[in-house]
Amino acid sequence: MAKSEDIDLYSPLPPEEIARKLKVIMDDPMPTATARVFGNGSQYDMTLRYARRNVQNPMAPTLEAAMEPQGEGTRITGTLGQTRSGRLFPFVWHGFLSLFVIVGATVAWFVPDALLFGAIFAGIPLFMMVIGAVSFRAGAAKDNEDRREILRFLTKELDARPAA
(Lines give C-alpha, C1' and ligand atoms only; values in the text may rest on other atoms or scores of the structure.)
Protein backbone atom coordinates (compact mmCIF):
# COMPACT_ATOMS: atom_id res chain seq x y z
CA MET A 1 0.00 0.00 0.00
CA ALA A 2 1.32 3.35 -1.01
CA LYS A 3 1.60 6.09 1.57
CA SER A 4 -0.19 9.39 1.18
CA GLU A 5 1.97 12.25 0.03
CA ASP A 6 1.54 15.91 0.88
CA ILE A 7 0.59 18.17 -2.02
CA ASP A 8 1.37 21.88 -2.08
CA LEU A 9 0.49 23.57 -5.38
CA TYR A 10 -0.16 27.07 -6.67
CA SER A 11 -2.61 27.95 -9.44
CA PRO A 12 -2.82 31.42 -10.97
CA LEU A 13 -6.63 31.05 -11.08
CA PRO A 14 -8.73 32.39 -8.18
CA PRO A 15 -10.63 29.79 -6.07
CA GLU A 16 -14.04 30.72 -7.50
CA GLU A 17 -12.81 30.22 -11.07
CA ILE A 18 -11.25 26.86 -10.11
CA ALA A 19 -14.58 25.76 -8.62
CA ARG A 20 -16.48 26.82 -11.77
CA LYS A 21 -13.95 25.15 -14.05
CA LEU A 22 -14.01 21.90 -12.06
CA LYS A 23 -17.83 21.89 -12.09
CA VAL A 24 -17.92 22.26 -15.89
CA ILE A 25 -15.36 19.47 -16.33
CA MET A 26 -17.10 17.13 -13.87
CA ASP A 27 -20.53 17.76 -15.42
CA ASP A 28 -19.24 16.63 -18.83
CA PRO A 29 -20.00 12.87 -19.07
CA MET A 30 -17.12 12.27 -21.52
CA PRO A 31 -18.79 9.18 -23.01
CA THR A 32 -15.81 8.27 -25.19
CA ALA A 33 -13.19 8.50 -22.42
CA THR A 34 -11.83 5.18 -21.17
CA ALA A 35 -10.59 6.85 -17.98
CA ARG A 36 -10.80 10.30 -16.44
CA VAL A 37 -10.32 12.40 -13.33
CA PHE A 38 -13.56 13.03 -11.49
CA GLY A 39 -14.59 14.40 -8.14
CA ASN A 40 -16.23 17.33 -6.46
CA GLY A 41 -15.50 20.41 -4.45
CA SER A 42 -16.12 24.07 -3.90
CA GLN A 43 -13.98 27.18 -3.81
CA TYR A 44 -12.67 25.95 -0.44
CA ASP A 45 -11.82 22.30 -1.07
CA MET A 46 -11.71 19.55 -3.67
CA THR A 47 -11.68 15.78 -3.84
CA LEU A 48 -10.41 14.16 -7.03
CA ARG A 49 -9.70 10.61 -8.13
CA TYR A 50 -8.81 8.92 -11.37
CA ALA A 51 -11.29 6.31 -12.59
CA ARG A 52 -11.30 3.84 -15.44
CA ARG A 53 -14.56 3.05 -17.19
CA ASN A 54 -16.23 -0.14 -15.89
CA VAL A 55 -13.65 -0.51 -13.10
CA GLN A 56 -14.62 0.17 -9.51
CA ASN A 57 -11.77 0.68 -7.05
CA PRO A 58 -12.75 2.45 -3.84
CA MET A 59 -9.17 2.10 -2.61
CA ALA A 60 -7.69 4.10 -5.51
CA PRO A 61 -5.59 7.16 -4.69
CA THR A 62 -7.61 10.28 -3.93
CA LEU A 63 -6.59 13.92 -3.75
CA GLU A 64 -8.19 15.64 -0.78
CA ALA A 65 -7.16 19.27 -0.79
CA ALA A 66 -8.04 22.64 0.65
CA MET A 67 -7.91 25.79 -1.46
CA GLU A 68 -7.17 29.23 -0.16
CA PRO A 69 -6.56 32.51 -1.98
CA GLN A 70 -2.93 33.52 -2.26
CA GLY A 71 -2.11 36.70 -4.11
CA GLU A 72 -3.86 36.65 -7.49
CA GLY A 73 -4.23 32.86 -7.46
CA THR A 74 -4.92 29.89 -5.23
CA ARG A 75 -2.81 27.70 -3.01
CA ILE A 76 -3.90 24.06 -3.08
CA THR A 77 -2.72 21.95 -0.13
CA GLY A 78 -3.71 18.45 0.82
CA THR A 79 -2.84 14.79 0.50
CA LEU A 80 -2.74 12.42 -2.44
CA GLY A 81 -3.09 8.76 -1.58
CA GLN A 82 -5.49 6.19 -0.26
CA THR A 83 -8.33 7.38 1.90
CA ARG A 84 -8.42 6.28 5.53
CA SER A 85 -11.06 3.65 4.75
CA GLY A 86 -8.95 2.40 1.85
CA ARG A 87 -5.98 1.94 4.16
CA LEU A 88 -7.98 0.27 6.94
CA PHE A 89 -10.22 -2.07 4.95
CA PRO A 90 -7.58 -4.77 4.24
CA PHE A 91 -6.82 -5.02 7.96
CA VAL A 92 -10.52 -5.24 8.86
CA TRP A 93 -11.07 -7.85 6.11
CA HIS A 94 -8.23 -10.08 7.21
CA GLY A 95 -8.93 -9.56 10.91
CA PHE A 96 -12.58 -10.55 10.59
CA LEU A 97 -11.79 -13.62 8.51
CA SER A 98 -9.02 -14.61 10.93
CA LEU A 99 -11.67 -15.17 13.61
CA PHE A 100 -13.26 -17.88 11.46
CA VAL A 101 -9.88 -19.47 10.71
CA ILE A 102 -9.05 -19.58 14.43
CA VAL A 103 -12.43 -21.09 15.36
CA GLY A 104 -12.23 -23.62 12.54
CA ALA A 105 -8.71 -24.68 13.45
CA THR A 106 -9.66 -24.93 17.12
CA VAL A 107 -12.71 -27.08 16.35
CA ALA A 108 -10.72 -29.32 14.00
CA TRP A 109 -7.99 -29.77 16.61
CA PHE A 110 -9.98 -30.25 19.80
CA VAL A 111 -13.42 -31.65 18.86
CA PRO A 112 -13.45 -35.36 18.04
CA ASP A 113 -14.83 -36.29 14.61
CA ALA A 114 -15.12 -32.62 13.56
CA LEU A 115 -12.05 -32.47 11.35
CA LEU A 116 -14.02 -31.97 8.12
CA PHE A 117 -16.24 -29.29 9.68
CA GLY A 118 -13.22 -27.46 11.12
CA ALA A 119 -11.32 -27.69 7.84
CA ILE A 120 -14.23 -26.23 5.89
CA PHE A 121 -14.96 -23.60 8.56
CA ALA A 122 -11.29 -22.48 8.43
CA GLY A 123 -10.58 -23.25 4.79
CA ILE A 124 -13.18 -21.04 3.14
CA PRO A 125 -12.20 -17.89 5.07
CA LEU A 126 -8.53 -18.71 4.45
CA PHE A 127 -9.26 -18.91 0.73
CA MET A 128 -11.15 -15.58 0.97
CA MET A 129 -8.11 -14.03 2.67
CA VAL A 130 -5.84 -15.15 -0.17
CA ILE A 131 -8.24 -13.87 -2.82
CA GLY A 132 -8.55 -10.59 -0.91
CA ALA A 133 -4.78 -10.17 -0.71
CA VAL A 134 -4.46 -10.80 -4.45
CA SER A 135 -7.29 -8.33 -5.15
CA PHE A 136 -5.77 -5.64 -2.94
CA ARG A 137 -2.42 -6.14 -4.65
CA ALA A 138 -3.96 -5.99 -8.13
CA GLY A 139 -5.94 -2.87 -7.26
CA ALA A 140 -2.81 -1.10 -6.05
CA ALA A 141 -0.86 -1.93 -9.21
CA LYS A 142 -1.98 1.28 -10.94
CA ASP A 143 -1.70 3.61 -7.95
CA ASN A 144 1.34 5.49 -9.29
CA GLU A 145 -0.31 5.96 -12.69
CA ASP A 146 -3.46 7.26 -11.00
CA ARG A 147 -1.42 9.75 -8.97
CA ARG A 148 0.36 10.98 -12.10
CA GLU A 149 -2.96 11.40 -13.94
CA ILE A 150 -4.46 13.46 -11.10
CA LEU A 151 -1.39 15.73 -11.00
CA ARG A 152 -1.37 15.96 -14.83
CA PHE A 153 -5.04 16.98 -14.70
CA LEU A 154 -4.28 19.76 -12.18
CA THR A 155 -1.38 20.98 -14.30
CA LYS A 156 -3.35 20.94 -17.55
CA GLU A 157 -6.72 22.28 -16.37
CA LEU A 158 -5.76 24.57 -13.47
CA ASP A 159 -2.18 25.42 -14.44
CA ALA A 160 -1.19 24.24 -10.96
CA ARG A 161 2.52 24.07 -10.21
CA PRO A 162 4.48 23.20 -7.06
CA ALA A 163 4.29 26.11 -4.61
CA ALA A 164 7.54 27.94 -4.02
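The values are calculated or read from the model by the stated rules, or taken from the named source; none is laboratory data. Note that this is a predicted model, so its numbers are computed, not measured. A quick note on method: Cβ atoms are made from the backbone with ideal geometry, for glycine too, and the neighbour counts reach across all protein chains shown. When the accessible area is computed, the model is the full protein with side chains, heavy atoms only, and any ligands, DNA or RNA have been set aside. Shrake-Rupley method; radii C 1.70, N 1.55, O 1.52, S 1.80 Å.
Label separation (residue 25 vs residue 159): 1.4 nm, computed from points 7 Å beyond Cα along the C-beta direction. When you count the other C-beta atoms within 10 angstrom of each residue and take the mean per peptide, 57-64, 77-84 line up highest first as 57-64, 77-84.
Within a straight-line Cα-Cα reach of under 20 Å, residue 142 can be paired with the following lysines, leaving aside sequence neighbours fewer than 8 residues apart in one chain: 3. Straight-line cross-link reach from residue 156 at under 18 Å between alpha-carbon atoms covers these lysines, not counting any fewer than eight positions away in the same chain: 21, 23.
Tell me, what % of the accessible area of the chain is carbon and sulfur with a 1.4 angstrom probe?
That share works out to 63 percent.
Residue 102 sits with roughly 100 Å² accessible to a 1.4 Å probe, with DNA, RNA and ligands left out of the calculation. Across the stretch 77-111, the residues whose backbone nitrogen lies under 18 Å from the label position 7 Å along the beta-carbon direction of residue 52 are 82. Within the full protein context, the accessible area of residue 85 is estimated at about 80 Å² for a probe radius of 1.4 Å.
Once you sort the root eigenvalues of the Cα gyration tensor of the stretch 1-89 as a ≥ b ≥ c, which label holds: rounded (a/c under 1.5), prolate (a/b larger than b/c) or oblate (the other case)?
Judged from the Cα gyration tensor, the stretch 1-89 comes out oblate (a/c at least 1.5, b/c at or above a/b).
Here each label is just a point 7 Å from Cα along the line to Cβ, and for residue 68 and residue 5 those points are 2.3 nm apart.
Accessible surface area normalised per residue over the chain is 64 Å², counting heavy atoms of protein chains with a 1.4 Å rolling probe. Counting only DSSP H runs of at least 4 residues, each contributing -39500 (n - 2.57), and dividing by the residue count of the chain, the helix-based mean residue ellipticity at 222 nm comes to -17000 deg cm²/dmol. In this calculation the C-beta distance from residue 117 to residue 77 is compared with R0 = 35 Å, giving a FRET efficiency of 0.05. Ordered by solvent-accessible area of protein heavy atoms (1.4 Å probe), largest first, the residues 6, 27, 159 come out as 6, 27, 159. The three principal axes of the Cα atoms in the chain give end-to-end lengths of 77, 34, 22 Å, sorted in falling order.
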